[in-house]
Amino acid sequence: MPKNKGKGGKNRKRGKNEADDEKRELMFKEDGQEYAQVLRMLGNGRCEAMCIDGVKRLCHIRGKMHKKVWIAAGDIILVGLRDYQDDKADVILKYMPDEARLLKAYGELPENTRLNEGIAGGLDEEEDGAGDDYIEFEDEDIDKL
């Protein structure tokens, strides 16, 4: 059996995720950049995103973020637009949920943008109380049964 010559395996390459807890400065878009919401992940470091300007683009996740920052459907991202391909873009930054709420509060994102804060957070607004499964019985109803 060959002798291991490296300094470690997969977990060492992954490293410690210490920078996740730190507060970072909120980045706003510049010229040549646009905000987008991820529609679906395609694999191979790509995703399909709906940009705020109304164009659906195929986005490529840059190598710096590729296995370090996990992007899921519904996330708000900052994409760099390409001069030569309007239907493709490059993911520059993924906004954390609290940063996305701040962007919406500052008016950078339109009001109709749905921010996904987990499964339970997005469903309550849509139904407006129509999903109440709680039925209250009075004493008279119980006696009839």
Could you list the chymotrypsin sites (Phe, Trp or Tyr not before Pro) in the range 4-103 that lie in coil according to DSSP, counting only those with at most 14 other Cβ atoms within 10 Å of their Cβ? 28, 70, 84
When a/c is below 1.5 the answer is rounded, else prolate if a/b is larger than b/c, else oblate, so apply that to the range 29-75 with a ≥ b ≥ c taken from the square roots of the Cα gyration tensor eigenvalues. oblate
Heavy-atom accessible area per residue, the range 61-107, 1.4 Å probe: how many Å²? 59 Å²
Within the range 92-107, the residues whose backbone N lies under 14 Å from a label point placed 7 Å from the Cα of residue 39 along the Cα-to-Cβ direction are none
Tell me, what is the 1.4 Å probe accessible area of residue 111, in Å² to the nearest 10? 140 Å²
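The values are calculated or read from the model by the stated rules, or taken from the named source; none is laboratory data. All of these numbers come straight from a predicted model, not from anything done at the bench. Note that each Cβ is placed from the backbone with ideal geometry, even for glycine, and that neighbours are counted across all protein chains shown. In case anyone asks, the SASA skips ligands and DNA or RNA and just uses the protein heavy atoms, side chains included. Shrake-Rupley method; radii C 1.70, N 1.55, O 1.52, S 1.80 Å.
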